[in-house]
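Student: Pasting in a structure now, in structure tokens, and then I'll have a few things to ask.
The values are calculated or read from the model by the stated rules, or taken from the named source; none is laboratory data. The shown structure was predicted, so the numbers you read here are calculated from the model rather than taken from an experiment. FYI the Cβ positions are ideal-geometry reconstructions off the backbone, even for glycines, and counts take in every protein chain you see. Ligands, DNA and RNA are stripped out before the accessible areas are found, and what is left, the full protein with its side chains, is counted by its heavy atoms. Shrake-Rupley method; radii C 1.70, N 1.55, O 1.52, S 1.80 Å.
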Amino acid sequence: MCAAALDKYCGSIFWNASYLETEDPDLPVCVEQTVLVWIPLGFLWLCAPRHLMTLFQKTQVNRKRLSKLYICKQLVVALLFLTAIAGLGVTLGEDFGPNRDSASTVKNAGVFYANPVLFAVSWILVLLCQAGVRRRKETVDSATLFCFWFLLLLCDIFPFQTLLREALREGKVNDVPRFCLFYISFGLELIAFILSAVADIPPELKDRVKKNPETVAPFWSRITFHWLTGMTVRGYKRPLVQEDMLELNKEDSTPYIHGHFQHFMKSELSKARIRFQHKLKKKGVKGKAHDETMQNGLSNGLGKGVSHDVLIMEEKGKKDDEKKKKKDKKKEEENYPNSWLITTIYKTFKGLLFESAFFKLIQDLLTFVSPQLLKLMISFTENKSDYAWRGYLYAVLLLAAALLQTVVLQQYFQRCFVLGMKVRTALMAAVYKKALVVSNDTRKESTVGETVNLMSADAQRFNDVTNFIHLVWSCPLQIIIAIVFLWLELGPSVLAGLGVMVLMVPINGFLATKARNIQIVNMKYKDQRLKIMNEILNGIKILKLYAWEPSFQTQVEDIRGKELKVMRNFAYLSSVSTFIFSCAPALVSLVTFGVYVGVSSDNVLTAEKAFTSISLFNILRFPLAMLPMLIAAMVQTGVSRKRIEKFLSGEDLQTDAVRHDPSFSSAVTISDGSFAWEKEAEPLLKNVSLDIKPGRLVAVVGAVGSGKSSLMSALLGEMHNTKGFVNILGSLAFVPQQAWIQNATLKDNILFGSPDEGKKFQKVIDACALTPDLELLPGGIQTEIGEKGINLSGGQKQRVSLARAAYSDADIYLLDDPLSAVDSHVGKHLFEKVIGPNGILSDKTRILVTHGVSFLPYVDEIVVLVDGKISEIGSYDNLRASRGAFSEFLDTYAKEQSNQNQSKSDHDKETTELELIDDGEDIQPDHPLEDTVSATLKRENSIRRSQRKSSVRLRVNSSIKKPRDVDEIKKGQKLIEKEAMETGQVKFSVYLQYMRALGWGFTSMAFLVYFLQNAAFVGQNLWLSDWTSDAKRYANTTYPIWKRDQRVWVFGVLGVAQGIFVFLGTLILANASVAASRVLHSGLLRNMLRVPMVFFDTTPIGRVVNRFAKDIFTIDETIPQTVRSWIMCLLGVLGTLVGISLATPIFVAVLVPLAVIYYFVQRFYIATSRQLRRLDSVSRSPIYSHFGETVSGLSVIRAYGHQERFLKHNEVTIDENLKSVYPWIVSNRWLAIRLETIGNMVVFFSALFAVISRDTLESGLVGMSISYALNITQTLNWLVRMNSELENNIVAVERVSEYSEIENEAKWITDSRPPDTWPEEGRLQFEDYKVRYRPGLDLVLHGITCDINSTEKIGIVGRTGAGKSSLTNCLFRIIEAAEGRILIDGIDIAEIGLHDLRNNLTIIPQDPVLFSGTLRMNLDPFERVSDEEIWKVLELSHLKDYVAGLQEGLQHEVAEGGENLSVGQRQLLCLARALLRKSRILILDEATAAVDLETDDLIQKTIRKQFSHCTVLTIAHRLHSIMDSSRVMVLDAGKIVEFDSPRNLLEKQGHFYAMAKDAGITEELSTAC
């Protein structure tokens, strides 16, 4: 019916099958005039309304400017309009014109009127659409118009060849006007198509071309990712740097993503909170009980005055209870609002999700087109009488389907990976934002390291899962479709093959669980090893001073041995699973074909069935392998989801804790306030009332633990306000007890976000006594300060912190004991110039916590705290007279003028600035910087959970912001050298080095075995193609059973052989890689313990830990897998190409050009990708460093109210990272699209040549070569990926070997060894001794010459930077002499081994460094002495009672950094170490700076008594401790300026006298006299 109407409409037959049943087929003219016209025009009419709408909207786009391109486009379409009108004119002329044949009544058919009109209207529509596109903001072309022109040309190709062939056949053109009009319009359409592929970039977007080419790329460039080519070429020519990175699209930037995420998170989280409240109401009764236990647990004896040790005992008891409670814990686990994160992510990114799902669906369906085309292709080669054009059509269709699939697949991947990136970004930004406002309860639950982990590991997990999230529905869909098609091919025998596949799943599952358990054990050893490594590196100086390296080396190597054993087991297990996985395809096809031919003798295996099935089974392998992996990944992400939800839904700090009510007259008011650190805990400050008038200077005093720091925190709003209120008028500035310093220049640290005003800045610098330091610092004010202020001494840090406050020009200053960390004369200067009545802050309100009695007479008011309550307030004289708590306090402290009783104050006032970090490195090995809150929480929780298990990552390649004027960096201004980032291609020698570590025998055997496996694979397929030709051979006879069995058996044996070879290959590689791991790690460890101290001064510990963590992990786990995949891919590709070439030898001709293109594409890609990966990791660490820094300085940031600024900084830092992540994602797509196109060409040519030589080819071989080719696309892609992965990862070998080859310090033991009894007397001689810290720096000691006799007691004093600590470093040869020498008992110390020297000297260092392990190990790591001796020294160092009281005695576990001992106890342990060593020379490096008076007294007594026969050198900070020395050495700027007995020096009234006067000693002496 319909056909008849169309016949009439066209005036010719619409369809007749006979058109195609010829050697030379063509479409009927009617189809060309109707269907092929309607398809493109229909598409245009559907898409046009969207463009037309913009014509009716108001737009801001500048419409006056008409670009040349736009004019050309409109012109071409106008010409096309004219051709349509001309076509209509021709028809009208023929039917109604004067020249028409009057005799003929036949008019032109309707189509000749309809088509020109249709086209004319369509061309007007196109004109309007193009105008609409131009009016659209930031639009450079139209995808729909591009597709329209493409469709139109495609459909016009048929009439194009029809007209041409007809003219050639008949030798003349029948219908000249229409013939001409068609070819003119075809030419115009072609021009229009080319023009539509060019981007019309308006002038305002011109600058985008360089910065962000994607936004101005035309449609075809966007789908092929051609816009990235510029960057890939640049990356090939020279290594990319951060400045080459393109700008981000607005919707990919952190502020945009974060804003959207926060918007949905708010509503989802509040819904979850409501659900949680309902849940709690139901459990109301249980809840109360839980609260009580919380309350008891959290108050934890703080403020009750329980001694530290008792607390620890309690903790131990608690630990045992905890194990019992673990079971109950499961029930309580979800006691926070949960199940809101996934919905938030879904709502934020649902657009991307649906887009990618759409592409995935299309791609899944397209996957199954190839096997069907393959089937048609094989039947075509079997049927020799079939027309040749069909074969060519199938070949073209194969190519078209493959190309379409490639484009769609890459679009899907692009969207998924961008989605992953966005989810990671959203989570990182959310975690950071939360960290700024989080309450102390939530903070206490996780350490800094764990919080950083949320940002790094957990957010990354989400990223990884999101990349493949659609497989959840896509895998089952693929499996179902594949089974349906297989059923159609082979009927029920498919179930046998499917059965085998399904059986594989539980086996794989079982192996996966085993593997996971092994991995857990492995991670445990890894953590242990890294924990020890972290401690070794943090305490490296102590190890060197004590010569303890060998002991720790064996500790690490023992753990490493266990770790490698576990790794080997894991490798064996994975080789079993590889064996199963590689046998699977062979087994499945064997079982299926075996059952198929065995069920009935009618079933003969044809090539068509065999190869179609094999290609379907190949499709099935992917979803079956991916599903279990995806489920495992989702389970892991589930854990991360809980952690992130718990953190993000934690409570925020009370925003109303501090009021800002302007009606109050006082600057600071506390009205009957009680404050606690946790909601449920006991208040620490009780019933505090305080009223401070503007402009007053108020001192807060009290014993340790009386709540002074807590009072500061209460004023800052950091504590829970349980009753009463705080009111503050004006802005705050806060100087914490432990200075918080950012990794930025000194200037930025002081400005802290305020504008730079030169005069004011200079004034502050002078007042804070920083001018002399600036002269010493190599870069002056632009000197870059390392992480945690590593290259400043404690005093300098505190002064910078004070300068920051002074510069901020706030109204109220909270100063938490800033004077305890500085020398007495500096303290005096700071008080006079900054804090005191005449200082630069004299008109501000100042609240000063202090222990310095000397300042108290000058303050306006004194607040005395006792046990969290204010006991009295008043002026100095009034309180003195009242004889209350204050006068007690004075009596305690007056004995020691500038006593630093605060146990955690910084103790390295000595470090010279040129010594850079020498002592600085040790400043805080144990406590990563904390603000007051953490410090207090820490005291409360005396044992912290395994502290910095993860904060190791904080410091990866700390990349440094360059100072503004880079050219002017002076030598030494940069303390921490920027990490060398390898660029360019990895040297071949690195591969050789790895292969050498693997062992040449192993390497070559592995290659051979994999080669055999490939041979078996090719053999099996050749056998199969031969088997399929049996169908022809035995076409008319019954199929012999022996033949069938032989076929099945050989096929099976070849399949199993592949599995066995893979198994062997994997085993060989596994053993080899474990050996390589052992070699590389022990080389690294051995060398790291032998490098000189200077190396650790200039290298952040994080960077070294990174070598032991990430790089060794890469060598252990990633590289072996990559090597294996690479070998298998390479041989797989070669096998495929050989297979195709065997089938169609002509294929070799095409192979060469394809190989050349392939080579170039992958070289371009690898160079760019490798550099992008490096940039990614380098730009990632600042995110984590900045985060760690923020968390540790939270109270300072909050006090100054700089949260917004830090949020912005974080967004910028994440964006910098995204700038290298996004191009990396795109570069993978860029590569994939190009490589898959090469793969598609391989498919096309193998099909094409099969058609050309079909007369000589068996159908089995055709099937084999094409099914091979269909597989090669993925393998090619994988090969480049593996190549690139290998290059990226082999860098780890390079980095490890770089650190294995650093120059060592002198030998530990040399041939010239001193006598066993050396040194017998302990005489020291310095002869013109000069030393500098590093080549290129100035001397720190300028020719020291002196003699120190046996058993003399020498005090060494001098200002900061005088070179006191350098002297001790020289004695131990931590730094080697530049000139001169040191003799001990007449032996030059430079001529003996370091260990011989260091074992015979003893030092009690400034910081008591302990290592995790037993107490005994901390005293005697080599187990050289008996327990009796140890108990004896413990008694002498006043620790016997304490240790005897511990459950495990000497085996008591010391926590990391000695966290579970008080500072005093740690210092006493160091004394015990010194007593054990029994050497004749003892150096005390400011050993008592950190302890309270009692401990100090004990230590001094013990030293006087036990070391009376030794030579003792004391580096003194407090002059009291050295007034009884035999002689005092006064150093200044690296020279000895005075050296005599204390009394003589005082009489001389020189340097020493001035120092003593500052410390108030001279008066005491004179009164004593």
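Student: Every residue in the stretch 140-183 that is aliphatic (A, V, I, L, M), open to solvent by 30 Å² or more (accessible area, probe 1.4 Å) and touching a Ser or Thr at 6+ places or on another chain (Cβ under 9 Å), please. Even if it seems obvious, please write down each step before you answer.
Tutor: Of all residues in the stretch 140-183, those aliphatic (A, V, I, L, M) come to 140, 143, 145, 151-154, 157, 163-164, 167-168, 173, 176, 181.
Next, only the ones that are open to solvent by 30 Å² or more (accessible area, probe 1.4 Å) stay: 143, 151, 154, 157, 163-164, 168, 173, 176, 181.
Listed by number, the list holds a single entry, L181.
Student: Restricting to the stretch 700-713, give me the number of residues that are over 39 Å from the mean Cα position of the chain (by Cα), among the hydrophobic types (A, V, I, L, M, F, W, C) and buried (at least 22 other Cβ atoms within 10 Å of the Cβ).
Tutor: Quick first cut of the stretch 700-713, residues over 39 Å from the mean Cα position of the chain (by Cα) only: 700-708.
Within this subset, residues satisfying the condition of being among the hydrophobic types (A, V, I, L, M, F, W, C) are 700-701, 703-704.
Subsequent filtering for residues that are buried (at least 22 other Cβ atoms within 10 Å of the Cβ) retains 700-701.
Here the count works out to 2.
Student: So, one more: In the stretch 1328-1392, which strands (runs of 3 or more DSSP E) lie fully inside it and hold 3 or more residues that are more than 24 Å from P1315 (Cβ to Cβ)?
Tutor: Values: elements: 1339-1348, 1353-1358, 1379-1384.
Qualifying strands (runs of 3 or more DSSP E): 1339-1348, 1353-1358.
Student: Could you list all residues from the stretch 11-52 that are more than 17 Å from A143 (Cβ to Cβ), open to solvent by 50 Å² or more (accessible area, probe 1.4 Å), in contact (Cβ under 8 Å) with a residue 60 or more places away in the chain and within 55 Å of the chain's Cα centre (by Cα)?
Tutor: Result: I39, single match.
Student: Taking only the stretch 1027-1055 into account, find how many residues are part of a helix (DSSP H, G or I), surrounded by fewer than 17 Cβ atoms within 10 Å (Cβ to Cβ) and either in contact (Cβ under 8 Å) with a residue 40 or more places away in the chain or not acidic (D, E) (or both). Steps first, answer last, please.
Tutor: Initially, the stretch 1027-1055 is screened for residues part of a helix (DSSP H, G or I), giving 1027-1028, 1030-1033, 1041-1055.
Filter once more, keeping what is surrounded by fewer than 17 Cβ atoms within 10 Å (Cβ to Cβ): 1032-1033, 1041-1043, 1045-1046, 1049-1050, 1053.
Checking the rest, the ones that are also either in contact (Cβ under 8 Å) with a residue 40 or more places away in the chain or not acidic (D, E) (or both) come to 1032-1033, 1041-1043, 1046, 1049-1050, 1053.
So the count comes out to 9.
Student: Taking the stretch 841-870, which residues are within 46 Å of the chain's Cα centre (by Cα), more than 12 Å from Y813 (Cα to Cα) and either free of Cβ contacts under 8 Å to residues at least 40 places away in the same chain or open to solvent by 40 Å² or more (accessible area, probe 1.4 Å) (or both)?
Tutor: Once the filter is applied, which keeps residues that are within 46 Å of the chain's Cα centre (by Cα), more than 12 Å from Y813 (Cα to Cα) and either free of Cβ contacts under 8 Å to residues at least 40 places away in the same chain or open to solvent by 40 Å² or more (accessible area, probe 1.4 Å) (or both), the stretch 841-870 yields only D867.
Student: Only one of these is in a helix (DSSP H, G or I) and over 27 Å from the mean Cα position of the chain (by Cα): S1125, S1141. Name it. If you could, list the steps in order and put the result at the bottom.
Tutor: On the way: S1125 fails: over 27 Å from the mean Cα position of the chain (by Cα).
Going through S1125, S1141 in turn, the sole match is S1141.
Student: Follow-up question, since we're still on this one. Among the residues of the stretch 1292-1313, is any of a type in the set (S, T, N, Q), outside any helix (DSSP H, G or I) and free of Cβ contacts under 8 Å to residues at least 60 places away in the same chain?
Tutor: Going through the stretch 1292-1313, the residues of a type in the set (S, T, N, Q) turn out to be 1297, 1300, 1304, 1310, 1312.
Imposing the further condition that a residue be outside any helix (DSSP H, G or I) reduces the set to 1304, 1310, 1312.
Narrowing further to those that are free of Cβ contacts under 8 Å to residues at least 60 places away in the same chain: none.
Checked against the condition, which is being of a type in the set (S, T, N, Q), outside any helix (DSSP H, G or I) and free of Cβ contacts under 8 Å to residues at least 60 places away in the same chain, the stretch 1292-1313 yields no hits at all.
Student: When you go through L20, L80, L69 one by one, which is the residue that is touching an Asp or Glu at 6+ places or on another chain (Cβ under 9 Å), farther than 21 Å from V121 by Cα and at pLDDT 90 or above?
Tutor: Testing whether each residue is touching an Asp or Glu at 6+ places or on another chain (Cβ under 9 Å), farther than 21 Å from V121 by Cα and at pLDDT 90 or above leaves just L69.
Student: Could you check the stretch 723-733 and list, in sequence order, the residues that are in contact with a Phe, Trp or Tyr (Cβ under 7 Å, 6 or more places away or on another chain) and either buried (at least 24 other Cβ atoms within 10 Å of the Cβ) or free of Cβ contacts under 8 Å to residues at least 60 places away in the same chain (or both)?
Tutor: Matches in the stretch 723-733: A733 only.
Student: Also: Please verify whether the stretch 92-101 includes one or more residues that are touching a residue at least 24 places away in the same chain (Cβ under 8 Å) and crowded, with 17+ Cβ neighbours inside 10 Å.
Tutor: If we filter the stretch 92-101 for residues that are touching a residue at least 24 places away in the same chain (Cβ under 8 Å), which is where we start, we get none.
Checking the stretch 92-101: not a single residue is touching a residue at least 24 places away in the same chain (Cβ under 8 Å) and crowded, with 17+ Cβ neighbours inside 10 Å.
Student: Sort through L543, L605, L616 and tell me the only one that's in contact with a Phe, Trp or Tyr (Cβ under 9 Å, 6 or more places away or on another chain) and not in a helix (DSSP H, G or I).
Tutor: Details: L543 fails: not in a helix (DSSP H, G or I); L616 fails: not in a helix (DSSP H, G or I).
Result of the check over L543, L605, L616: L605.
Student: Note down all Cβ pairs under 7 Å where the first residue falls in the stretch 748-776 and is touching a residue at least 60 places away in the same chain (Cβ under 8 Å) and under 23 Å from G786 (Cβ atoms), the second is surrounded by fewer than 15 Cβ atoms within 10 Å (Cβ to Cβ) and not acidic (D, E), and they're at least six residues apart or on different chains.
Tutor: G753/R1205
Student: Also, I was wondering about something else. I'd like to check something: does the stretch 444-457 contain any residue that is farther than 27 Å from S1177 by Cα, over 21 Å from the mean Cα position of the chain (by Cα) and open to solvent by less than 30 Å² (accessible area, probe 1.4 Å)? Don't jump to the end; show me each part of the working.
Tutor: Step one: of the stretch 444-457, the residues farther than 27 Å from S1177 by Cα are 444-445.
Applying the additional criterion that residues be over 21 Å from the mean Cα position of the chain (by Cα) yields 444-445.
Next cut, open to solvent by less than 30 Å² (accessible area, probe 1.4 Å) only: none.
No, there is no match, as no residue in the stretch 444-457 is farther than 27 Å from S1177 by Cα, over 21 Å from the mean Cα position of the chain (by Cα) and open to solvent by less than 30 Å² (accessible area, probe 1.4 Å).
Student: Look through F1147, F1113, F1160, F1108 and report the one residue that is modelled with pLDDT of 85 or more, of a type in the set (F, W, Y) and surrounded by 20 or more Cβ atoms within 10 Å (Cβ to Cβ).
Tutor: Working: F1147 fails: modelled with pLDDT of 85 or more; F1113 fails: surrounded by 20 or more Cβ atoms within 10 Å (Cβ to Cβ); F1160 fails: surrounded by 20 or more Cβ atoms within 10 Å (Cβ to Cβ).
Answer to the selection: F1108.
Student: For A810, which of the numbered conditions (1) outside any loop (DSSP other than H, G, I, E, B); (2) closer than 21 Å to F761 by Cα; (3) hydrophobic (A, V, I, L, M, F, W, C) fails to hold?
Tutor: Condition not satisfied by A810: (1).
Student: Test of understanding: among S1195, S1185, which residue is part of a helix (DSSP H, G or I), touching a Pro at 6+ places or on another chain (Cβ under 7 Å), among the small types (G, A, S) and in contact (Cβ under 8 Å) with a residue 40 or more places away in the chain?
Tutor: S1195
Student: Assess whether I1157 counts as being in contact with a helix residue (DSSP H, G or I) (Cβ under 7 Å, 6 or more places away or on another chain) and either closer than 30 Å to F1249 by Cβ or among the polar types (S, T, N, Q) (or both). Reasoning before the result, please.
Tutor: Values: in contact with a helix residue (DSSP H, G or I) (Cβ under 7 Å, 6 or more places away or on another chain): yes; either closer than 30 Å to F1249 by Cβ or among the polar types (S, T, N, Q) (or both): yes.
Yes; evaluated as a whole, the condition is true for this residue.
Student: Okay, moving on. How many residues are more than 21 Å from F261 (Cβ to Cβ) and open to solvent by 10 Å² or more (accessible area, probe 1.4 Å) when one looks only at the stretch 427-443?
Tutor: Kept after step one, since they are more than 21 Å from F261 (Cβ to Cβ), are these residues of the stretch 427-443: 439-441, 443.
Restricting the remaining residues to those that are open to solvent by 10 Å² or more (accessible area, probe 1.4 Å) gives 441, 443.
Total meeting the criteria: 2.
Student: For the stretch 554-579, how many residues meet the condition of being touching a helix residue (DSSP H, G or I) at 6+ places or on another chain (Cβ under 6 Å), over 20 Å from A1109 (Cβ atoms) and open to solvent by less than 50 Å² (accessible area, probe 1.4 Å)?
Tutor: So the answer is 5.
Student: Follow-up question, since we're still on this one. Just to be sure before I move on: is L128 open to solvent by less than 20 Å² (accessible area, probe 1.4 Å) and touching a helix residue (DSSP H, G or I) at 6+ places or on another chain (Cβ under 7 Å) in the structure I sent? Quick ask: steps written out before the conclusion?
Tutor: Working: open to solvent by less than 20 Å² (accessible area, probe 1.4 Å): no; touching a helix residue (DSSP H, G or I) at 6+ places or on another chain (Cβ under 7 Å): yes.
So L128 fails the test.
Student: Next question, about the same structure. Taking the options F148, F119, F158, F112, name whichever one is under 19 Å from F81 (Cβ atoms) and touching a Leu at 6+ places or on another chain (Cβ under 7 Å). Give the derivation first.
Tutor: On the way: F119 fails: touching a Leu at 6+ places or on another chain (Cβ under 7 Å); F158 fails: under 19 Å from F81 (Cβ atoms); F112 fails: touching a Leu at 6+ places or on another chain (Cβ under 7 Å).
Criteria check complete, one pass: F148.
Student: Could you please give the count of residues in the stretch 1314-1353 that are among the hydroxyl-bearing types (S, T, Y) and on the phi > 0 side of the Ramachandran plot? Reasoning before the result, please.
Tutor: Keep residues of the stretch 1314-1353 that are among the hydroxyl-bearing types (S, T, Y), which gives 1317, 1329, 1333, 1345, 1350-1351.
Add one more test, that the residue is on the phi > 0 side of the Ramachandran plot, and what stays is 1351.
Matching residues across the stretch 1314-1353 total 1.
Student: Another question, then. Does T144 satisfy being farther than 17 Å from A78 by Cβ and touching a Lys or Arg at 6+ places or on another chain (Cβ under 9 Å)?
Tutor: Numbers: farther than 17 Å from A78 by Cβ: yes; touching a Lys or Arg at 6+ places or on another chain (Cβ under 9 Å): yes.
Yes, satisfied.
Student: Further question: Return the pair list, or none, for Cβ contacts closer than 6 Å from residues in the stretch 223-236 that are assigned to a helix (DSSP H, G or I) to residues that are buried (at least 18 other Cβ atoms within 10 Å of the Cβ) and of a type in the set (S, T, N, Q), at least 6 apart or on different chains.
Tutor: Hits for this filter: W227/S221; T232/T1168; G235/T1168; G235/Q1171.
Student: What residue, among those in the stretch 777-819 that are open to solvent by less than 10 Å² (accessible area, probe 1.4 Å) and among the polar types (S, T, N, Q), is nearest to the chain's Cα centre (by Cα)?
Tutor: So the residue we want is N791.
Quick grid of which residues meet (1) within 39 Å of the chain's Cα centre (by Cα); (2) within 30 Å of A607 (Cα to Cα); (3) surrounded by fewer than 22 Cβ atoms within 10 Å (Cβ to Cβ); (4) of a type in the set (A, V, I, L, M):
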{"site": "L1231", "(1), (2), (3), (4)": "yes, no, no, yes"}
{"site": "I1238", "(1), (2), (3), (4)": "yes, yes, yes, yes"}
{"site": "S1246", "(1), (2), (3), (4)": "no, yes, no, no"}
{"site": "R1254", "(1), (2), (3), (4)": "no, yes, yes, no"}
{"site": "E1258", "(1), (2), (3), (4)": "no, yes, yes, no"}
{"site": "A1269", "(1), (2), (3), (4)": "yes, yes, no, yes"}
{"site": "L1286", "(1), (2), (3), (4)": "yes, no, yes, yes"}
{"site": "E1294", "(1), (2), (3), (4)": "yes, no, yes, no"}
